[in-house]
1. Which ones in region 18-30 are modelled with pLDDT under 80 and either of a type outside the set (A, V, I, L, M, F, W, C) or more than 52 Å from the chain's Cα centre (by Cα) (or both)?
2. For region 60-86, name all the residues that are modelled with pLDDT under 65 and either touching a strand residue (DSSP E or B) at 6+ places or on another chain (Cβ under 6 Å) or open to solvent by less than 100 Å² (accessible area, probe 1.4 Å) (or both).
3. If Thr34 passes every condition in (1) part of a loop (DSSP other than H, G, I, E, B); (2) under 47 Å from the mean Cα position of the chain (by Cα) but one, which one does it miss?
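The values are calculated or read from the model by the stated rules, or taken from the named source; none is laboratory data. Please read these numbers as outputs of a predicted model, since none were measured by experiment. Reconstructed Cβ throughout: ideal geometry from the backbone, glycine too, with neighbour counts over all protein chains shown. Each accessible area value is taken on the protein alone, full model and side chains, heavy atoms only, with ligands, DNA and RNA left out. Shrake-Rupley method; radii C 1.70, N 1.55, O 1.52, S 1.80 Å.
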Amino acid sequence: MAQKDFRCKNCGYYPRDIPVSGRWFCPKCGKSSTIATQRPQAPKKFHRTPTRIQKTQDQITTQLFDKLAASKPSDLGFKEPYLNPKISPIIPQKREKIRLFYKK
């Protein structure tokens, strides 16, 4: 930092000694000011974005038509048990004890 770059914010005094970072007290007015450290700035890094390949409308429509024309409806196998269920008949059993409930 050059000597001409720094001066007191309150009275405008130019110091003889070049102040470093930290707190500095002005010998003329007695007020303090803080001096920030000057750090070298890190260079900005730019990342290259990948180029996107755009499809035309004709390519999209032909791709969709090919998928619809070539694909067969997939049979997942869930339809048959629900349409024709195989349930064994429930045979009623004879009860030996019958409990009756009456209001008191």
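1. Correct list: Pro19, Ser21, Gly22.
2. Once the filter is applied, which keeps residues that are modelled with pLDDT under 65 and either touching a strand residue (DSSP E or B) at 6+ places or on another chain (Cβ under 6 Å) or open to solvent by less than 100 Å² (accessible area, probe 1.4 Å) (or both), region 60-86 yields Ser71, Ser74, Gly77, Pro81.
3. Tallying (1) part of a loop (DSSP other than H, G, I, E, B); (2) under 47 Å from the mean Cα position of the chain (by Cα), Thr34 fails exactly one: (1).
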